[in-house]
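*Asks:* After the structure tokens below, expect a handful of questions from me.
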Amino acid sequence: MQGAVFYLLTVLIWGSTWFAIRFQLGVVDPSVSLAYRFGLAAVLLLLWCAVRRVPLRFSPREHLAMAAQGACLFSINYLLFYWCTGLITSGLVAIIFSTVIVMNIVNGAIFLKKRVQGIVLLGAMVGLLGITLVFWHEIAASREVSEHASQNVLKGLGIGLVATFFASLGNILSARNQAKELPVLQTNAFGMAYGTLVMLIYALVQGVPFAFDMSVEYVGSLLYLSIFGSIIAFGAYLTLVGRIGADRAAYATVLFPLVALVISSIFENFQWTPLALSGVALVLVGNVMVVGKGIGARWRKRVAVA
């Protein structure tokens, strides 16, 4: 039951962050916005750790492991995705990010020596097909643009895939850190602090001005992304990574674009089509195959025995 709550929190919160990120772009450079976001999240998490009096002393080797997770999961990947969002539509970005489930399966097999379950891989591919159908209108529209815009699409695709690969490495590092008995709460706190440091160094080297937008939209979205999108969602998601594996936990990344679509249909006039509804059905089928109980669990068990 607790695992289902973590899964639901991840899907609902990250599904809504796509809309909140829109209010972060503009006045403040993405690297600085990310430093604000994860810096605030790190401070709040460390204060919470102090209140709960949980251990905060770790060895240099453990700090290095947390820093590696922070660089991949709380800074570099997000900066690349912000750049990607400036080049291609949010629908295409969502599709690219959904490929993290396949990357997690492959990287888990390479770095964690995890056996790849055929039913999990098949379910992931079914889900990716479904999310592609949902966003097919945007995919088709992206092909009917100028030559310059087409180059931006290809550039955005490349940047998005690199960003997704960093996110996948962060997932694998989190699974490895939890296997080494590093607690999720403290690892996230220090990881976000190290991620903030990476963004601050980048901004200083690039000469990016440390501006701030005092508008209600920017401050409100910053607080939401820091508290809900970073502290709560990452805590829930990375706990799932430790409990059910990076491959199955990553299926949340196929589901949360659907939440983003519901929000988009309310605030951005997204139009549901029969093709999009068919895609939603495929995503749900894939979800049952990857993380569902009942028939999904029996499928996975049967494949594991075979």
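*Asks:* Determine, for each peptide in 3-11, 160-168, the mean count of other beta carbons within 10 angstrom over its residues, then list the peptides with the highest first.
*Replies:* 160-168, 3-11
*Asks:* Hey, another quick one. What list of ³J(HN,Hα) couplings, whole Hz, do you get for region 113-121 from phi and the Karplus terms 6.51, -1.76, 1.60, once you set θ to phi - 60° and write x for glycine and proline?
*Replies:* 6, 7, 5, 7, 7, x, 5, 5, 5
*Asks:* Considering lysine pairs in the chain that are 8 or more places apart or on different chains, how many have Cα atoms under 25 Å apart?
*Replies:* Taking the chain as the scope, the lysine pair count is 7.
*Asks:* Another question about this same structure. If you average the sequence gap of Cα pairs under 8 Å that are 6 or more apart and divide by the length of region 2-305, what percent do you get for the contact order?
*Replies:* Contact order relative to length: 40 percent.
*Asks:* Through the Karplus equation 6.51 cos²θ - 1.76 cosθ + 1.60, θ set to phi - 60°, convert the phi angles of region 207-217 into ³J(HN,Hα) values in whole Hz; use x for Gly and Pro.
*Replies:* x, 6, x, 8, 7, 8, 9, 8, 5, 4, 5
*Asks:* Ordered by residue, what ³J(HN,Hα) values in Hz, to whole numbers, does region 232-237 give under the Karplus form 6.51 cos²θ - 1.76 cosθ + 1.60, where θ = phi - 60° and Gly and Pro are x?
*Replies:* Computed from phi, the couplings for region 232-237 are 6, 5, 5, x, 5, 5 Hz.
*Asks:* Where is the GNM fluctuation largest for the chain (alpha-carbon springs, 10 angstrom cutoff): 28, 241, 126?
*Replies:* 28
*Asks:* Hey, another quick one. Using the Kirkwood radius built from alpha carbon pairs, what does the Stokes-Einstein equation give as D for region 198-277 at 4 °C and 1.567 mPa s, in µm² per second?
*Replies:* Translational diffusion coefficient: 81 µm²/s.
*Asks:* Principal axis lengths of the chain from Cα atoms, whole Å, largest first?
*Replies:* 51, 46, 31
Taken together, the values in this text are just the output of simple stated rules run on the coordinates, not laboratory data. Only a predicted model underlies this, so the values are computations on that prediction, with no experimental measurement involved. Don't worry about glycine lacking a Cβ; one is built from the backbone with ideal geometry, like all the others, and counts go over all protein chains shown.
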